[in-house]
Amino acid sequence: MSDIIIKEVKTNKDLDRFIQFNYDLYKGNPYAVPELYIDLKATFSPKKNAALEFCDFQLFTAERDGKTVGRVAAIINNRANEAWNTLNVRFGWIDFIDDYDVSSKLLDTVAEWGKARGMNTMQGPMGFIDFDREGMLIEGFDKIGTMSTHYNYPYYPEHMQRYGMEKEIDWIERLVQEPEKVPEKFARIAEIAAKRSNLHVKKLKNMKEVHEKGYGKKIFDLINESYSPLFGYSRLTEKQIQQLVNTYLHLIDLRMQTLVMNEDEELVGVGLSMPSIVKALQKSGGKLFPFGWWHLLKSLKWKHEECVELLLIAVRPDYQGKGVNALLFNDLIPIYGKMGFKWAETNPQLEDNYQSAAQWEYLSPKIVKRRRCFRVALT
């Protein structure tokens with residue numbers, strides 16, 4: 001068998017090979033949901049991704065006989081390392097054929113790259129920031145993914161363990177059946193919260209409010225405040241916030257955005273969701289052209305799937321435990337019913353985020369997937 005050659009991604013052609021490998025490896029897989037090619041190109045572009053102002057990175061491919069057999073991104077998030085007082089190098093966007101020689105050489109490459117820059121621990125899979133796809137699937141291989149998560153074959157975590165990696169933390173994804181009406185306990189807690197803490201729900205009417213009245217920025221400022229204590233989080237910069245507002249918020253149906261305000265009209269809670277577009281992404285093959293845009297637009301605007309994806313919920317720390325979550329669900333559940341959704345699936349949530357877990361107890365959630373961040377000391 002020929003030797004494996006690790007190559008740095010330097011040219012646009014190299015980047016095309018890096019991106020294409022995932023599409024080829026999972027072509028026809030009923031559970032894998034491809035990332036949009038155009039989004040990936042932007043993710044690795046310093047001109048289009050503000051996170052690269054504080055992240056160092058290098059992409060690598062593994063080649064054998066002129067054929068790509070693996071890929072990986074080596075990443076140092078300097079803001080996260082500073083915030084958490086760590087020296088971590090991350091590996092992300094890792095894919096490989098079922099050959100330990102390939103996976104181990106990719107990991108060795110990231111480890112050496114990180115050690116050369118003073119890092120003492122390797123962890124992953126993780127992206128540049130928390131809004132990138134992260135975590136390696138360890139349970140739920142027979143379930144279709146979401147639009148914001150990676151799918152991987154069952155042999156992936158086996159290779160990580162063979163390499164000597166240990167669990168750092170897990171993320172959990174839950175599936176909830178859409179109830180016919182708001183559970184009585186939710187409704188009662190929402191009513192009490194509204195009166196006791198002087199809270200009320202606000203619905204944005206148009207994108208003008210998102211941009212000109214600053215609600216887009218307010219949402220991500222709240223996310224920064226709410227998520228900062230969570231594993232590995234690095235606060236979004238002003239430039240990142242502006243990019244996220246401009247790129248993603250306009251895709252979300254305003255009916256499916258719920259804000260909770262206090263008596264001073266300060267934003268204290270937000271729930272963002274949107275129709276699942278996983279089947280549209282599968283049909284598109286990750287490409288907008290020639291017909292991928294049609295599948296995505298149809299799924300978003302006219303004939304959505306039966307599942308809604310709960311993108312995120314954020315509550316200002318001083319309002320956590322005061323019923324804000326109940327107010328969010330009290331507003332959103334009837335909307336989901338009118339729109340015809342039958343299921344809701346959460347994005348990955350940290351297993352030790354007990355406050356987040358508690359909000360689902362009245363909805364009979366079912367854990368359907370588990371993802372892991374692995375780590376290993378660099379010696």
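The values are calculated or read from the model by the stated rules, or taken from the named source; none is laboratory data. All figures in this text were calculated on a predicted structure; none of them were measured in a lab. Cβ sites come from the backbone with ideal geometry, for glycine too, and all protein chains shown count toward neighbours. These accessible areas exclude ligands, DNA and RNA; they are computed on the full protein's heavy atoms, side chains included. Shrake-Rupley method; radii C 1.70, N 1.55, O 1.52, S 1.80 Å.
Before moving on, here are some points about what is shown:
- Residue check for Asp331: assigned to a helix (DSSP H, G or I), surrounded by fewer than 16 Cβ atoms within 10 Å (Cβ to Cβ), of a type outside the set (A, V, I, L, M) and modelled with pLDDT of 90 or more: no
- Residue in region 33-60 that is most open to solvent (accessible area, probe 1.4 Å), counting only those that are over 21 Å from Ile6 (Cα atoms), of a type in the set (A, V, I, L, M, F, W, C) and out of contact with any helix residue (DSSP H, G or I) (no Cβ under 8 Å at 6 or more places or on another chain): Ile38
- Count of residues meeting criterion [in contact (Cβ under 8 Å) with a residue 60 or more places away in the chain and open to solvent by 10 Å² or more (accessible area, probe 1.4 Å)] in region 99-110: 4
- Hits in region 261-294 (condition: at pLDDT 70 or above, farther than 18 Å from Ile144 by Cβ and out of contact with any helix residue (DSSP H, G or I) (no Cβ under 7 Å at 6 or more places or on another chain)): Met261, Asn262, Glu263, Asp264, Glu265, Glu266, Leu272
- Some residue of region 295-305 being open to solvent by less than 20 Å² (accessible area, probe 1.4 Å), modelled with pLDDT under 90 and acidic (Asp, Glu): no
- Index of the failed condition, Ala32 passing every other in (1) at pLDDT 95 or above; (2) under 19 Å from the mean Cα position of the chain (by Cα); (3) closer than 17 Å to Gly286 by Cβ: (1)
- Residue that is surrounded by the fewest Cβ atoms within 10 Å (Cβ to Cβ), among those in region 61-82 that are of a type in the set (Gly, Ala, Ser) and over 30 Å from Asn224 (Cβ atoms): Gly66
- Scanning region 334-365 for residues that are open to solvent by 40 Å² or more (accessible area, probe 1.4 Å), in a helix (DSSP H, G or I) and of a type in the set (S, T, N, Q) gives a single hit, Gln355.
- Taking region 66-83 as the range and being at pLDDT 95 or above, over 17 Å from Gly114 (Cβ atoms) and out of contact with any strand residue (DSSP E or B) (no Cβ under 6 Å at 6 or more places or on another chain) as the test, only Lys67 passes.
- With respect to the conditions (1) open to solvent by 30 Å² or more (accessible area, probe 1.4 Å); (2) in contact with a helix residue (DSSP H, G or I) (Cβ under 9 Å, 6 or more places away or on another chain); (3) in contact (Cβ under 8 Å) with a residue 24 or more places away in the chain; (4) not β-branched (Val, Ile, Thr), Glu238 lacks only one, and its number is (3).
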